[in-house]
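Enquirer: Quick one: the structure is below, and I'll ask about it shortly.
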Amino acid sequence: MNSKILASIGIDPAYILMIMLLLIILLFVLLISVNMKYNRLKSSYASFMRGRDGKNLEKSILEKFNELDVVTNIARQNRQDVKEIYRRLQDGYQKVGIVKYDAFNEMGGKLSFALTLLDGNNNGYIINAMHSREGCYTYIKEIVKGQSYIELAEEEAESLERAVYQEAYGLDIEV
């Protein structure tokens, strides 16, 4: 088998035959490797598609998506509930300040008190109960944004300050 083209180039046909033989062997090894990987992938896919206890994968995935929808709806409802609770809490009394004192210096025991109740916006009331030998007198003053439009007694002002700045005083009022 003499080729004029190969002879003119100066290549022996035996070298080309050897290179072709090596390429065929290399391709055969690659074919076996790919075939083994394919068989492993096919067996993994078959076991994956079988699922647990004979369930097929599609049913299992649909169940999980349904569960995700339920969880998403619950999370959305919880978010709305938390917002509503937070909104309601802003209107409830959150801050408390109390000062006990002896109103008329005639009775011991500090039976009089000034109690401040404020919401999250520092709106609320100061209740002042003054106790004396003749009786108990109770007054209430409205607080708007931490301020009173009526002049406050010293104890009332201290009670208001304690309510507004209760974190600074270290007062943790438990309900």
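The values are calculated or read from the model by the stated rules, or taken from the named source; none is laboratory data. These numbers come from a predicted model, not from an experiment. All Cβ positions, even for glycine, are placed from backbone atoms using ideal geometry, and neighbour counts span all protein chains on display.
Enquirer: Looking at the structure I just gave you, is Glu67 within 30 Å of Tyr165 (Cβ to Cβ), at pLDDT 90 or above and among the charged types (D, E, K, R)? Give the derivation first.
Expert: Numbers: within 30 Å of Tyr165 (Cβ to Cβ): no; at pLDDT 90 or above: yes; among the charged types (D, E, K, R): yes.
No: the conditions fail for Glu67.
Enquirer: Identify, please: which residue in segment 92-109 is modelled with pLDDT under 85 and either outside the structural domain of Glu161 (by TED's automatic domain parsing) or closer than 22 Å to Glu161 by Cβ (or both) and is, among those, surrounded by the fewest Cβ atoms within 10 Å (Cβ to Cβ)?
Expert: At the first step, the residues of segment 92-109 found to be modelled with pLDDT under 85 are 92-94, 102-109.
From the residues that got through so far, the ones that are either outside the structural domain of Glu161 (by TED's automatic domain parsing) or closer than 22 Å to Glu161 by Cβ (or both) too are 92-94, 102-103.
Working: Gly92: 10, Tyr93: 17, Gln94: 18, Asp102: 15, Ala103: 20.
Top of the filtered list is Gly92.
Enquirer: What number goes with the only condition from (1) closer than 30 Å to Gly146 by Cβ; (2) assigned to a helix (DSSP H, G or I); (3) at pLDDT below 85 that Ile61 does not pass?
Expert: Exception for Ile61: condition (1).
Enquirer: So is Ile150 modelled with pLDDT of 85 or more, hydrophobic (A, V, I, L, M, F, W, C), out of contact with any Pro (no Cβ under 7 Å at 6 or more places or on another chain) and surrounded by fewer than 17 Cβ atoms within 10 Å (Cβ to Cβ) or not? Spell out how you get there, then give the answer.
Expert: Working: modelled with pLDDT of 85 or more: yes; hydrophobic (A, V, I, L, M, F, W, C): yes; out of contact with any Pro (no Cβ under 7 Å at 6 or more places or on another chain): yes; surrounded by fewer than 17 Cβ atoms within 10 Å (Cβ to Cβ): yes.
Yes, satisfied.
Enquirer: Go over the candidates Leu30, Leu17, Leu21, Leu6 one by one and state the one that is within 60 Å of the chain's Cα centre (by Cα) and in a helix (DSSP H, G or I).
Expert: On the way: Leu17 fails: within 60 Å of the chain's Cα centre (by Cα); Leu21 fails: within 60 Å of the chain's Cα centre (by Cα); Leu6 fails: within 60 Å of the chain's Cα centre (by Cα).
From the options Leu30, Leu17, Leu21, Leu6, the qualifying one is Leu30.
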